[in-house]
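The values are calculated or read from the model by the stated rules, or taken from the named source; none is laboratory data. Everything numeric in this text was worked out from a predicted model, so none of it was measured. Counting neighbours? That spans all protein chains shown, and the Cβs are built from the backbone with ideal geometry, glycine included.
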Amino acid sequence: MNLPQDVEALLLDSPKPGSWVPDEYDVSLADIMVDWREADSADVGILGIPFDTAVSGRRGCRFGPQSVRDALVFSDVYEPGIDIDLSTAFAVTDFGNVDVLYTDVLGTHGRVEKIVTEIVKLGVTPIMIGGDHSLAYPDVKGLMNNVDGKVGVINVDGHLDVRHSHHGEVSSGTPFRRLMEDKKTPLDPANFVEFGIGTWLNSRYYRDYCRDMGVRVISAREIHLEGVVPKIEEAIEIAAKGTDAIFLSFDIDAIDLAHVPGTNAPNAGGLTSFQALETVWRVGQHPKCRAMDMVEVAPSLDAANVSSIMGAALVMQFMGATKKRLGRA
Ligand SMILES: [Mn+2]
C-alpha cells in the first residue's frame, strides 16, 4: 500500500511482535500481520500512538502501543466462542507508530488526524492503540474526513471526558466536548453515547452538561443491573440513527480495576472483561462501524501485564467483529 509521502514521513516503524508458537497448529497474530509497505491491501490496520502528554494524572500510557503489541504475541487468531478465524480471507497490517511531538498536544493531534484520514481513505479499518484519550479527537476527525454524512460515536469509558479545555488546555478529559462543540464538523450529541460510566469518578456538573446536550449516558451500574446486551443494542441504535459511520472509542478504564489496574484512573465497579469484549464484538460488526481506538493502557501501572493483555484482546475482538462485518466469516 502507498500513503502520501508527507504522511509516510510521520510514521515510525515499530518492532514486529514476536511469534510465540508452543505448537505447530497455533497461529499468532504476528504470523499473519504484514507491514503496511509490503501489503497490497488490508482489511484492518493497527496504528500505535505513543503519547500521554495530555494526561493530568498518572502518565505512562505512551508505552501502551508497545506493551499491547507485546501482548498480542500470545493471541491466537482463532476464537472458538464466536468461531472467527482471522488467518483466512482477512488481511491485517501494521502501520507502526505515529512520530509524535512529546511537548505539543495539538501538533501531535494534527499528525494523527492526517494519518488516520489517509488510512481510512485506503479502505482500511483502523485500530488506533493509545496513548491517552485526548487522541479520540483526531482519531474521530480522521474518520469524519472520509464521510459525507454524520458520524456516530460510542465512547466506552469510566469517564465522561467532556471537561472544559481549562485555560485553553486540551487534555485526556476533553475530547468529547471538543468533538461536540467543534465549529466545522461537530459530533451530533444525539448520535453520541457514553457507555459504562464509572462510579465515583465524574462530577455532577459534567453529567448535567451531557444531559443538557442530549447525550445518552449509560452507567456501569445500569449495565450490571439490566444486562449488557440490551444496553449495547440501545447504544448502537443511537450511534447509527441517521449517520453514515460509527466510531468506537474504548478507554480501557471502562473496565473494572480488578481486571485493569494498569491505567491512570482505575475504576471500581466498571465493566467486566467479558462485558467489554461483548461490547466490541457487537458494535464492531455493525455495518456502519468503520474505526476504533483503544486507549489509556499504562504498563508501568500494571500488575502481571493483565491490562495490556486485556487491551490486546479488545484489539483482537474488534478484528474478529470487522471480519464478520465484511462478510468474510
Ligand atoms: Mn477517557
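Only one of S172, S165 is under 22 Å from D208 (Cβ atoms), within 16 Å of the ligand (Cβ to nearest atom) and at pLDDT below 95; which?
Details: S172 fails: at pLDDT below 95.
From the options S172, S165, the qualifying one is S165.
What do you reckon, is V297 outside any strand (DSSP E or B), within 13 Å of the ligand (Cβ to nearest atom) and under 12 Å from the mean Cα position of the chain (by Cα)? Give the steps one after another, and end with the answer.
Numbers: outside any strand (DSSP E or B): yes; within 13 Å of the ligand (Cβ to nearest atom): yes; under 12 Å from the mean Cα position of the chain (by Cα): yes.
Here the answer is yes, as V297 does meet what is asked.
Assuming L11 fulfils every condition listed in (1) within 19 Å of the chain's Cα centre (by Cα); (2) within 18 Å of G311 (Cα to Cα); (3) modelled with pLDDT of 95 or more apart from one, which condition is it?
(2)
Okay, residues lined up against (1) at pLDDT below 95; (2) assigned to a loop (DSSP other than H, G, I, E, B); (3) within 14 Å of the ligand (Cβ to nearest atom); (4) touching a strand residue (DSSP E or B) at 6+ places or on another chain (Cβ under 6 Å):
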{"site": "V147", "(1), (2), (3), (4)": "no, yes, no, yes"}
{"site": "N155", "(1), (2), (3), (4)": "no, no, yes, yes"}
{"site": "N202", "(1), (2), (3), (4)": "no, yes, yes, no"}
{"site": "D208", "(1), (2), (3), (4)": "no, no, no, no"}
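Can you list the helices (runs of 4 or more DSSP H) found entirely within the stretch 34-145 that contain at least 3 residues being under 29 Å from D244 (Cβ atoms) and modelled with pLDDT of 95 or more?
On the way: elements: 64-72, 105-121, 136-144.
Once the helices (runs of 4 or more DSSP H) in the stretch 34-145 are filtered for at least 3 residues that are under 29 Å from D244 (Cβ atoms) and modelled with pLDDT of 95 or more, what remains is 105-121, 136-144.
Is it true that D212 is away from the ligand (no atom under 16 Å from the Cβ), over 30 Å from V124 (Cα atoms) and either free of Cβ contacts under 8 Å to residues at least 60 places away in the same chain or surrounded by 18 or more Cβ atoms within 10 Å (Cβ to Cβ) (or both)? Please lay out each step first, then the result.
Working: away from the ligand (no atom under 16 Å from the Cβ): yes; over 30 Å from V124 (Cα atoms): yes; either free of Cβ contacts under 8 Å to residues at least 60 places away in the same chain or surrounded by 18 or more Cβ atoms within 10 Å (Cβ to Cβ) (or both): yes.
So D212 fits the description; yes.
Go through the stretch 120-142 and give me each residue that's within 16 Å of the ligand (Cβ to nearest atom) and of a type in the set (D, E, K, R).
The answer is D132, D139.
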